[in-house]
Amino acid sequence: MKNLHCLLLAAGQASRFGQPKQLASINDAGESLIQNALNNLPIEIPTTLILGAHHQVIQQSLLQHEVLVESIVINPQWQDGLSSSIAYGVEGLNKNVDGVLIALADQIALNVDDYRKLINGWEKQPELIACSSYSGQQGVPAIFPQKYFSQLLALTGDSGAKALIRQNSDVYSVELQNAAIDIDTQEQLAQFHRRQTM
């Protein structure tokens, strides 16, 4: 198995949500968005959680609910967008890491099987970027081989990893329709809840 490390991005202010969406309850069990994201990552993949805005209350909640995280990194430049969180995480990776899995905490429909499908696809062609394919587009979660780390570090603004996927032709797509659900507003979360109970 390749040496893979996951960066789970959850540093945003969630201004459109109106409160720290990372702590919003997403199911009848009262599980928070951030708990859900961590619980659905494959347990065998080392994970770094990247926090920024609201990091104190999020860390307090994780501690209170006894949610274990291998490492937590606070991005002081979180206002510079997704790219700064990616760079912060990539900079801290061990030199022996073969690839980095970039995941977003607010893609709440993704499950362990989705991530394993993506990882299995990448391990067949580990020299390529393995990305999610959904609703006619390519995006995250995505796995970037080490040779792309310098390009990840060079990203700017809120473009994130999707911009890098578009710029490269060496991409392997894995269909993950669950990746299409991305929560930015309370209405989107309410719609997700309604679909779950139908």
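Note down the magnitude of the dipole of the chain about its Cα centre, charges +1 on Lys and Arg C-beta and -1 on Asp and Glu C-beta and zero elsewhere, to the nearest 20 debye.
So the dipole magnitude of the chain works out to roughly 240 debye.
What's the FRET efficiency of Gln167 with Glu127 using the Cβ-Cβ distance as r and R₀ = 22 Å, to the nearest 0.05? Each step should come with its number before you reach the end.
Numbers: r = 17 Å, r/R0 = 0.75.
The computed FRET efficiency comes out at 0.85.
Could you list which residues have their amide H under 5 Å from that of Leu104, counting only those 5 or more apart in sequence or on another chain, with H placed in the peptide plane?
Leu9
Which of rounded, prolate, oblate describes region 49-97, given a ≥ b ≥ c as roots of the alpha-carbon gyration tensor eigenvalues and a/c under 1.5 marking rounded, otherwise prolate only if a/b is larger than b/c? Please list the in-between numbers first.
Values: a/c = 3.67, a/b = 1.30, b/c = 2.83.
It is oblate, given that a/c is not under 1.5 and a/b is not larger than b/c.
With each label point set 7 Å from Cα along the Cα-Cβ vector, what nm distance links Phe192 and Lys95?
Between Phe192 and Lys95, the label points sit 4.0 nm apart.
Note down the nm distance, to one decimal, between modelled labels 7 Å out along Cα→Cβ at Arg116 and at Ser25.
That separation, rounded to one decimal, is 3.0 nm.
How large is ³J(HN,Hα), in whole Hz, for each residue of region 12-18 in order, when computed from phi with the Karplus curve 6.51 cos²θ - 1.76 cosθ + 1.60 and θ = phi - 60°, using x for Gly and Pro?
x, 7, 6, 5, 6, 7, x
Within 13 Å, Cβ to Cβ, of Ala37, how many net charges do the neighbouring residues add up to if Lys/Arg are +1 and Asp/Glu are -1? Walk me through the numbers on the way to the answer.
Numbers: positive: Lys21; negative: Glu31, Asp106, Asp114, Asp182.
With Lys, Arg at +1 and Asp, Glu at -1, the neighbours total -3.
Determine, for each peptide in 137-144, 178-185, the mean count of other beta carbons within 10 angstrom over its residues, then list the peptides with the highest first.
On the way: 137-144: 23.0, 178-185: 17.4.
For the peptides 137-144, 178-185, the packing ranking is 137-144, 178-185.
Counting only protein heavy atoms and a 1.4 Å probe, tell me what percentage of the chain's accessible area is made up of carbon and sulfur. Provide the component values of the computation, followed by the final result.
Working: 4370 of 9720 Å².
Looking at the chain in its full context, I get 45 percent from C and S.
Would you work out which of Ser133, Ile34, Gly99 lies farthest towards the positive end of the dipole of the chain, given +1 charges on the beta-carbon of Lys and Arg and -1 on that of Asp and Glu, about the Cα centre?
Ser133
If amide hydrogens are placed 1.01 Å from N in the peptide plane, which non-local residues have theirs closer than 5 Å to the one on Glu31?
Ile26
Checking a compactness column here: for region 94-140, what do you get for Rg(Cα) / (2.2 N^0.38 Å), N being the number of residues?
Values: Rg = 11.5 Å, N = 47, 2.2 N^0.38 = 9.5 Å.
Normalised by 2.2 N^0.38 Å, the Cα Rg of region 94-140 equals 1.21.
For labels at Glu70 and Arg16 in the simple 7 Å Cα→Cβ model, what's the distance in nm?
Result: 3.0 nm between the two label points.
Would you kindly state how much longer the chain becomes between Asn39 and Ala154 on full extension, computed as 0.36 nm times their sequence separation minus their alpha carbon distance, in nm to one decimal?
Gain on stretching Asn39 to Ala154: 38.4 nm.
At q = 0.20, 0.23, 0.24 Å⁻¹, what is the log10 ratio I(q)/I(0) for region 1-91, with the Debye formula run over Cα points and no solvent?
These q points yield log10 I(q)/I(0) values of -0.98, -1.25, -1.33.
Could you give the semi-axes, largest first, of the ellipsoid that matches the chain, computed as the square roots of 5 times the alpha carbon gyration tensor eigenvalues and rounded to whole Å?
25, 19, 16
What shape does region 125-198 take by its C-alpha gyration tensor, where a ≥ b ≥ c are the square roots of the eigenvalues and a/c under 1.5 counts as rounded, a/b above b/c as prolate, and the rest as oblate?
Values: a/c = 3.24, a/b = 1.87, b/c = 1.74.
Prolate shape, in that a/c is at least 1.5 and a/b is the bigger ratio.
For the chain, what does the helix formula give at 222 nm: sum of -39500 (n - 2.57) over DSSP H segments with n ≥ 4, over the residue count, nearest 500 deg cm²/dmol? Walk me through the numbers on the way to the answer.
Working: 7 runs with 65 residues, N = 198.
Rounded to the nearest 500, it is -9500 deg cm²/dmol.
The values are calculated or read from the model by the stated rules, or taken from the named source; none is laboratory data. Everything numeric in this text was worked out from a predicted model, so none of it was measured. Please note: Cβ atoms are built from the backbone with ideal geometry, for glycine as well, and neighbour counts cover all protein chains shown. Quick note on the areas: whole protein, heavy atoms, side chains included, nothing else; ligands and nucleic acids left out. Shrake-Rupley method; radii C 1.70, N 1.55, O 1.52, S 1.80 Å.
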